[in-house]
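J.: There's a structure below that I have some questions on.
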Amino acid sequence: MMIFQGWGRDWRCGGKPRKAAAVALLCAGLSAAGCSSSGSSSTTGGASAPASSSASAKGSGPVNVLYAGSLVNLMQKQIGPAFQQSSGYSVTGFSAGSKDLAAEIKGKVHQGDVFISASPKVNATLEGASNGDWVSWYGTFATSALVIGYNANSKFASDLKSKPWYKVITEPGIRIGFTDPATDPKGVLAVQAMTETASKQKLPALKALSTNSSDIFPEETLVGRLQSGQLDAGFFYTAEATAANIPTVPLTGEDLKATYTVTVLNKAPHEAAAEAFVSYLLGSSGQAVLKQDGFTLVSPPKLTGTGVPSSLQSVLSP
């Protein structure tokens, strides 16, 4: 059985949720991904990844991946199911803002095997004895630009396509969303884009928007809110918008992006499965899916730190 989790809750495809919040949203995504009951093969929905030679040897048991909320579609519909099908390991997943995930790891709230962050800076909060020695190395494997994503049915869609983004998102009545800068690197970048542009364009309304807490939403729910019409527009990474078929406009005047890293956490309870997952993600199959979804690949993935397992040295460049 494949299990994917969101902030403060988890869902099981084909089973009952442990908690009810937002079950319909993510279970719908999992259903499209072709999740199956225990003992059946999982298939991907949407774009699929071919089997990887690095994960060809069948394993057994779980691998728990803690990943940035901007990777929900990638993990639930593509990489997660494809890796599980090709490797034999059962994939579990938990998504949230990268900063929040790091805090949960340090607080031992979630015991993970693999950690995927949207900012290298977050890894530093898990390094060293004072931080619990959770991370000693990581691989930087992709980047993705920050953009404005919008609902094509929104009455503001035509304005976003024809006017400067920084003027449209302050128009009366528009419903804009971004993530919490206190817990998520994307929120930090969104606030940076708004404050810097507000200063350059002399737009106090844009500056005020950057501090409006009513426009802040959890990263793992932002796509669903936009698609359901609850929001007109929001700040997304190009890759997550591409995976969710969300139209976008560039943040003209800004050049901000996510930088994705992956590591096997120290004290991981399922080391072999964790190494197999990272090998798959950084290998040809995973890289093909990332490229298809609009990520800018770091090729070969760049290694930072020491102590990388020997099984991963071939897919990481010092």
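The values are calculated or read from the model by the stated rules, or taken from the named source; none is laboratory data. Keep in mind it's a predicted model, so treat the numbers as computed, not measured. No Cβ is skipped: glycine too gets one built from the backbone with ideal geometry, and neighbour counts run over all protein chains shown. Accessible surface is based on the protein model in full, side chains and every heavy atom, while ligands, DNA and RNA are left aside. Shrake-Rupley method; radii C 1.70, N 1.55, O 1.52, S 1.80 Å.
J.: When both residues are 6+ apart or on different chains and their Cβ atoms are under 7 Å apart, which pairs have a first residue that lies in region 273-300 and is free of Cβ contacts under 8 Å to residues at least 12 places away in the same chain and within 18 Å of A258 (Cα to Cα), and a second that is of a type in the set (A, V, I, L, M, F, W, C) and open to solvent by 40 Å² or more (accessible area, probe 1.4 Å)?
T.: From region 273-300, the pairs are K291/L297.
J.: Another one. Counting just the residues of region 196-210 that are more than 24 Å from the chain's Cα centre (by Cα) and either hydroxyl-bearing (S, T, Y) or at positive phi (or both), which one comes out least open to solvent (accessible area, probe 1.4 Å)?
T.: T197
J.: Does T140 qualify as being polar (S, T, N, Q), within 19 Å of the chain's Cα centre (by Cα) and at pLDDT below 95? Walk me through it before giving the result.
T.: Working: polar (S, T, N, Q): yes; within 19 Å of the chain's Cα centre (by Cα): yes; at pLDDT below 95: no.
No; evaluated as a whole, the condition is false for this residue.
J.: Tell me, which residue of region 166-176 that is open to solvent by less than 30 Å² (accessible area, probe 1.4 Å) and not in a loop (DSSP other than H, G, I, E, B) is nearest to A102 (Cα to Cα)?
T.: First, the residues of region 166-176 that are open to solvent by less than 30 Å² (accessible area, probe 1.4 Å): 168-169, 174, 176.
Adding the requirement that they be not in a loop (DSSP other than H, G, I, E, B) leaves 168, 176.
Details: V168: 34, I176: 27 Å.
The selected residue is I176.
J.: If the Cβ limit is 8 Å and pairs must be 6+ apart or interchain, which residue in region 198-217 that is in contact (Cβ under 8 Å) with a residue 12 or more places away in the chain pairs with which residue that is assigned to a helix (DSSP H, G or I) and among the basic types (K, R)?
T.: Close Cβ pairs satisfying both conditions: A198/K207; L203/K167; F217/R225.
J.: For region 226-318, list the helices (runs of 4 or more DSSP H) that sit wholly inside it and hold at least 1 residues that are of a type in the set (A, V, I, L, M), under 30 Å from A129 (Cβ atoms) and open to solvent by 50 Å² or more (accessible area, probe 1.4 Å); which are they? Break it down into steps so the answer makes sense when it comes.
T.: Values: elements: 238-243, 271-282, 284-292.
Passing ranges, in order: 271-282.
J.: Can you tell me which of (1) in a helix (DSSP H, G or I); (2) in contact (Cβ under 8 Å) with a residue 40 or more places away in the chain is the one D180 doesn't meet?
T.: (1)
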